[in-house]
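Novice: The structure is given below, and queries will be raised subsequently.
Coordinate-derived values only; no laboratory data. Worth saying up front: this structure is predicted, and the values here are computed from it rather than measured. Cβ placement follows ideal geometry from the backbone for every residue including glycine, while neighbour counts extend to all protein chains displayed.
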Amino acid sequence: MATLTHDIAVRNRLRSGLLLAMLSASSFGLSGPMARGLMDAGWTSAAAVAVRVLLAAAVLTPFAVRQLRGNWNVLRDNAVLITVYGLVAVAGTQLAFFNAVAHMEVGVALLVEFTAPIAVVGWLWLSQGERPGAMTISGALLGLLGLALVLDLTSGLTATGVGMLWALGSMVGAAFYFVLSARGEGTVPGTVLAAGGLLIGGLTLLVVGAVGILPLRATTNSVVFQDFTVAWWLPVLILGVVTAALSYVTGIAATRRLGSRLASFVALSEVLAALIFAWLLLGEAPRAIQLFGGALILTGVIVVRRGEPATTADS
């Protein structure tokens with residue numbers, strides 16, 4: 001009976017983790033089309049991201065304070081984790097990606113950044129001895145092939161050495177996101193980690209913009225999408241609440257249920273979600289090869305899941 005109860009708990013934990021991971025990936029995928037609308041209205045990408053991150057921190061802070069219940073020692077004891085999360089997983093990833101796309105095509109930069117699951121697998125192998133099995137490797141190859149098709153890398157895109165270095169930096173930052181999100185379970189609540197990291201990351205982006213490393217410019221112009229126009233504050237609100245606050249909290253919760261490796265592969269579905277949202281909001285209809293690539297990504301995730309040990313949910 002005890003074994004049956006444990007198996008049911010593991011399955012429920014995995015199921016909820018997968019649902020949370022898909023919700024997080026979908027929320028992250030919405031950020032691109034929303035930010036694109038703001039940029040077409042005169043915003044710089046850095047301004048859109050800084051506002052998005054800081055608004056998310058403002059939304060999550062009251063919930064984080066409530067979870068702390070006056071136990072401020074949690075912040076002191078986990079200060080390093082929260083700070084590194086904010087500087088590397090939030091601000092560092094964004095800064096590196098911005099600099100990457102300044103020297104290379106967006107598609108190539110995205111492909112490099114989304115190889116983060118491979119870095120996570122390598123890190124877990126080296127640091128914890130979790131050697132990937134054949135199904136994990138097969139699923140990874142399927143996912144990366146699907147990613148290449150979704151990003152349409154067959155159109156002769158090129159990359160520079162400087163751009164590739166920045167793209168690799170964004171990949172490392174994304175890998176840190178998954179590794180750090182799995183840390184602190186039982187000691188620091190996920191909402192506290194997300195709120196603290198987003199606040200630190202947002203302030204870092206403001207400082208970087210203030211010294212001129214990234215241009216910060218915002219407008220109050222109306223934002224035009226495919227079939228409708230909205231006031232500037234609505235996309236900003238969606239960016240902060242849905243694509244940042246919701247996505248980071250659910251992403252941390254998912255990673256703590258699934259483990260860094262599986263969660264990082266499920267996150268590849270973010271590219272497919274971004275493709276669908278761009279179709280609905282910007283009129284950028286996906287081509288058949290991109291839809292096929294999306295199917296390969298999902299297939300790869302399923303294969304990786306089947307290759308994960310049954311005890312993943314307990315890690």
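Novice: Could you give me the ³J(HN,Hα) list for segment 45-56, computed from phi with Karplus coefficients 6.51, -1.76, 1.60 and θ = phi - 60°, whole Hz, x at Gly and Pro?
Specialist: 4, 5, 5, 4, 5, 4, 5, 4, 5, 5, 5, 4
Novice: Using 0.36 nm times the number of residues separating ASP227 and VAL162, minus their current alpha carbon distance, what extension gain do you get?
Specialist: 19.5 nm
Novice: Please rank ASP40, ASP227, fewest neighbouring Cβ atoms within 10 Å first, as an exposure proxy.
Specialist: ASP227, ASP40
Novice: Further, regarding this structure: Given a cut-off of under 8 Å on Cα pairs at least six residues apart, what relative contact order in percent is computed for the chain?
Specialist: Dividing the mean separation by the residue count of the chain yields 40 percent.
Novice: State the three equivalent ellipsoid semi-axes of segment 33-186, derived from the C-alpha gyration tensor as the square roots of 5 times its eigenvalues, in descending order and whole Å.
Specialist: 30, 24, 13
Novice: Ranked highest first by average number of other Cβ atoms within 10 Å, how do 44-50, 77-83 line up?
Specialist: Highest to lowest by the protection proxy: 44-50, 77-83.
Novice: While we're here: For Cα extents along the principal axes in Å, which listed value, (i) 76, 63, 55; (ii) 62, 51, 38; (iii) 52, 47, 44, comes from the coordinates shown?
Specialist: (ii)
Novice: Working out 0.36 nm times the residue gap between THR299 and PHE63, then minus their Cα-Cα distance, what length gain in nm do you get to one decimal?
Specialist: 81.3 nm
Novice: Quick one: which residues, 5+ away or cross-chain, put their amide H under 5 Å from the amide H of GLU284? H built at 1.01 Å from N.
Specialist: TRP279
Novice: Go through segment 52-127 and name the trypsin sites (Lys or Arg not before Pro) that are in a DSSP coil and have 10 or fewer other Cβ atoms within 10 Å of their Cβ.
Specialist: ARG69
Novice: What's the FRET efficiency of GLN128 with VAL211 using the Cβ-Cβ distance as r and R₀ = 51 Å, to the nearest 0.05? Can you show the working numbers first?
Specialist: Details: r = 39 Å, r/R0 = 0.76.
My answer for the efficiency is 0.85.
Novice: Quick one: 3J(HN,Hα) in Hz for segment 82-89, Karplus 6.51/-1.76/1.60 with θ = phi - 60°, rounded, Gly and Pro as x.
Specialist: Ordered by residue, 3J(HN,Hα) equals 5, 5, 5, 4, x, 6, 9, 5 Hz.
Novice: Can you compute the helix-only [θ] at 222 nm over the chain? Use -39500 (n - 2.57) per DSSP H run of at least 4 residues, normalise by all residues, nearest 500 deg cm²/dmol.
Specialist: Value at 222 nm, helices only: -23500 deg cm²/dmol.
Novice: Same structure again: What are the ³J(HN,Hα) values, in whole Hz, obtained from phi via the Karplus relation 6.51 cos²θ - 1.76 cosθ + 1.60 with θ = phi - 60°, for each residue of segment 16-21 in sequence order, with x given for Gly and Pro?
Specialist: 5, x, 5, 5, 5, 5
Novice: Tell me the label-point distance for the pair ALA148, ARG287, using the 7 Å Cα-to-Cβ offset, in nm and rounded to one decimal.
Specialist: 1.5
Novice: Just to be sure I understand the model, the point goes 7 Å from the Cα along the line to the Cβ. What's the resulting ARG76 to ARG306 distance in nm?
Specialist: Each label point is offset 7 Å from its Cα along the Cβ direction, giving 5.2 nm.
Novice: Oh, and also: DSSP loop (so not H, G, I, E, B), at most 11 other Cβ within 10 Å: list which chymotrypsin sites (Phe, Trp or Tyr not before Pro) in segment 21-83 pass both filters.
Specialist: TRP72
Novice: Same structure, new question: Among 205-215, 133-143, what's the highest-first ranking by average C-beta atoms within 10 angstrom per residue?
Specialist: By packing density, highest mean first, the sequence is 133-143, 205-215.
Novice: Please list 123-130, 234-241 highest first by mean number of surrounding beta-carbon atoms within 10 Å per residue.
Specialist: Most protected by this proxy first, the peptides run 234-241, 123-130.
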